[in-house]
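Each reported figure results from applying straightforward, stated rules to the coordinates on display, with no laboratory input. Since we're looking at a predicted model, the values are computed, not measured. Here Cβ is always computed from backbone atoms with ideal geometry, including for glycine, and neighbour counts include all displayed protein chains.
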Amino acid sequence: MREQYLTTLFWIPPLVVLGIFELFLGHRHDYSGHYLAGYGATFIAAMLGVRIAIGTPAERLLHYLVVPFCLACICGGIITEATIFRLAKFDEVDFFNQSLGAVLAMMIVQHFLTLLLDKTGSENELPDNADSTLEKQNLTSKPPKDCKVTNASVRWCDGGIIIGVIYLGIGGVLAFA
Amino acid sequence: MRSLNLLMLTGLFVVLGLGNIIVTANRSLIPQTIDAEVALLDIKREKHPGIDDVHFVTLSTGETLHVDKAIAEELQVGMPIRKQAWEKELVTGDEHLSLEYSKDFLGMTWVMPLSFLVALAVLIWPRLWLIATRTKKI
């Protein structure tokens, strides 16, 4: 159940948005390319960060870092668009599209973190059913001694990184081909 | 915290989507008020020459505008141009040039709201998932 939940969450939303871009802005593949590259790059960075943080005390701070991390990725996009990818001018539309991808990626990462950190164990308990006090307990209590990096969490982070690389690759091809 | 994060990200999504629509609309000149002469016309190449070229019009006021290709092709250096905001006609000396929104803008008016719907679906993804799986079980 959880496998299917995360698989669809990681793959489907960016693909649907890509389809919408191609359907209505098919004459400008670079727009969809920038969007997908923004999604992929942000997803890679976020999953890498989560992979490093899980199982450490920093894990409890992850919820607080979602929005700042997203803004940092958007700022990274501004810098690359204004420097190495600046050809004719700083293209605002390219910037907006890649930032939209970054925001969508972080929305998905937020759901992943909720599942990961709230530890809703039962297959039928998905994040919105989880007790909100759990989150507070996670933040106030010391990490349990048996808080080990689970193989499943790391595997999902690795999977997320691979998905990010695939989307970044397709985005790059669409933007430059 | 997670709800607040998701709400802030959704807000950011809306702002960026509106940015796309506003910028592409501005390139049609329709939202703008102009009363000046064309001082300089310039084309800069992007990644795909002929497809994503950037057309600049510098006015006698010193302002440089990024305009749609269809508009730039109708203008000449020294030509006086005048229009009020939201008028779809550009007065160029004795002639009147009809302004239209570009394919980019029209595309954005579909893509941004539909993408926003996808973002909303992501926002309530766990609930959608539960509904979908329960329906499947029934």
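Summing +1 for each Lys or Arg and -1 for each Asp or Glu, what net charge is found among the other residues whose Cβ lies under 13 Å from the Cβ of A:Gly77? The answer is -3.
When each of the peptides B:29-39, A:15-25 is scored by how many other beta carbons lie within 10 Å of its residues on average, the order from highest to lowest is A:15-25, B:29-39.
A:Phe176 sits among other residues whose Cβ lies under 15 Å from its own Cβ, and their net charge, with Lys and Arg +1 and Asp and Glu -1, is -2.
Both radii are taken from the alpha-carbon atoms of the protein assembly as shown; with Rh as the Kirkwood radius, Rg/Rh is 1.08.
Put the Cα centre of the range B:106-138 next to the Cα centre of the range B:29-89 and the gap is 39 Å. Averaged over the residues of peptide A:64-71, the number of Cβ atoms from other protein chains lying within 10 Å of each residue's Cβ is 3. Other protein chain C-beta atoms within 10 Å of residue C-beta, averaged over B:98-110: 3. From the Kirkwood radius over Cα pairs of chain B, Stokes-Einstein at 4 °C and 1.567 mPa s returns a whole-number translational diffusion coefficient of 73 µm²/s. Here chain B is treated with +1 on each Lys and Arg Cβ and -1 on each Asp and Glu Cβ, and its dipole about the Cα centre works out to around 1580 debye. Applying both filters, DSSP loop and at most 12 other Cβ atoms within 10 Å, to the GluC sites (Glu not before Pro) of the range B:48-110 gives B:Glu63, B:Glu73. Other residues with beta-carbon under 12 Å from the beta-carbon of A:Gly159 carry, at +1 per Lys or Arg and -1 per Asp or Glu, a net charge of 0. Relative contact order, whole percent, for chain B stands at 26, derived from Cα pairs under 8 Å and 6 or more residues apart. For chain B, excluding the exposed loop sites themselves (trypsin sites (Lys or Arg not before Pro), DSSP loop, at most 16 other Cβ atoms within 10 Å), the longest remaining stretch covers B:89-138. When the alpha carbon gyration tensor of the range B:30-101 is reduced to an equivalent ellipsoid, its three semi-axes come out at 20, 14, 11 angstrom, largest first.
Among the residues of A:22-35, the average count of other protein chain beta-carbon atoms within 10 Å of the residue beta-carbon is 4.
For the range B:30-101, averaging the sequence separation of C-alpha pairs within contact (under 8 Å, six or more residues apart) and dividing by the residue count gives a relative contact order of 35 percent. When chain B is described by a simple charge dipole with +1 on each Lys and Arg Cβ and -1 on each Asp and Glu Cβ, the residue from B:Leu41, B:Ser3, B:Ser28 located farthest towards its positive end is B:Ser3. With viscosity set to 0.890 mPa s at 25 °C, what whole-number translational diffusion coefficient in µm²/s follows for the range A:1-126 from Stokes-Einstein and a Kirkwood radius over Cα pairs? Estimated diffusion coefficient is 157 µm²/s.
Applying the criteria of a DSSP loop state and at most 13 other Cβ atoms within 10 Å to the chymotrypsin sites (Phe, Trp or Tyr not before Pro) of the range B:60-138 yields B:Trp86. The string of couplings for the range B:82-98 from the Karplus curve (6.51, -1.76, 1.60, θ = phi - 60°) is 8, 6, 9, 4, 6, 6, 9, 10, 10, 7, 10, x, 8, 9, 10, 9, 6 Hz, one whole number per residue in order, with x for Gly and Pro.
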